[in-house]
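Report on the structure given below.
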């Protein structure tokens, strides 16, 4: 016969006497179900500028003025850099003087032709003398036109010593310093247009064939604050050519204008709504509201309702964030109910 000690018997009786906790009809907190997120494949890429210009020198000379710094916003026609143009200015001045001399000669030839025509009408000179006068006038006129063209070329050459902004943009690079020698073809400035940016990613050709025209892709900019990490692409383009060495196709997603903190070269991702077998890496997890996450020291968890409706703190592993929802990689099953107000759940005993 089994004998139960008095203390153990009292504990057993007390355990049977206590009521089992059950969730009230109206829970004192909001509850959300863990939904299965759509499978998607992520492909790493980079931000590019649709308009990016490397301004190079067209003439030789020392850099005598530099009014541009990296990060400056510039306007169309703004003077950015000047190259020593003293020699070109003197050449332009000499050309203008030659033009004036040629026009003076043309004026003399014009008057001489008029006198010869009057003499010819009075039969004082022959036809040959009149022809010589007309020939000299035409030659002098051609010389004036040549001098005018040469002066225009000299003036254009002078203008090449002044570097101006080709469009509204931002200066990305200034590889020269004040006093450096500019040579034809040497880069002086790099400018890009911040209002026209895109994400370019290399996608395997087996995946590119599954992209449907007009399909909405998702863009991610991990370097930005959470609220601005998921811009909506304005347009998606799949290039028709395939890289022979990597067997990949470039996919370009135009970003909306006005994004702050985005610059060419930034790391980015394109998420394609494709089956998990179509690319790598791929995710097909669960998503829950962001406010349901509980962080305590190094532990990340959720309050999950057990079969009796009681909130139980459970540790989970989270993935990427998408707007107001967070992906759950492990620790949660589809359809389970999670508490979206962790403070209210923590007060339940």
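Out of curiosity, is residue 234 farther than 12 Å from residue 47 by Cβ, modelled with pLDDT under 90, surrounded by 14 or more Cβ atoms within 10 Å (Cβ to Cβ) and in contact with a strand residue (DSSP E or B) (Cβ under 6 Å, 6 or more places away or on another chain)? Criteria not met by residue 234. For residue 121, are the conditions met, namely being surrounded by 16 or more Cβ atoms within 10 Å (Cβ to Cβ) and modelled with pLDDT of 90 or more? Here the answer is no, as residue 121 does not meet what is asked. Here residue 192 fulfils each of the conditions (1) at pLDDT below 95; (2) surrounded by 19 or more Cβ atoms within 10 Å (Cβ to Cβ) apart from (1). Scanning the stretch 275-299 for residues that are at pLDDT 60 or above and not in a strand (DSSP E or B) gives 290, 291, 292, 293, 297, 298. Only one entry of 206, 200, 156 meets the criterion of being exposed (fewer than 15 other Cβ atoms within 10 Å of the Cβ) and within 26 Å of residue 240 (Cα to Cα), and that entry is 206.
Taken together, the residues in the stretch 214-249 that are touching a residue at least 24 places away in the same chain (Cβ under 8 Å), over 22 Å from residue 265 (Cβ atoms) and out of contact with any helix residue (DSSP H, G or I) (no Cβ under 7 Å at 6 or more places or on another chain) amount to 2.
The number of residues in the stretch 58-102 being outside any strand (DSSP E or B) and either surrounded by fewer than 18 Cβ atoms within 10 Å (Cβ to Cβ) or over 26 Å from the mean Cα position of the chain (by Cα) (or both) comes to 31.
The values are calculated or read from the model by the stated rules, or taken from the named source; none is laboratory data. Fair warning: this is a prediction, and the values are worked out from it, not measured in the lab. Glycine also receives a Cβ, built like all others from the backbone with ideal geometry; neighbour counts cover every protein chain displayed.
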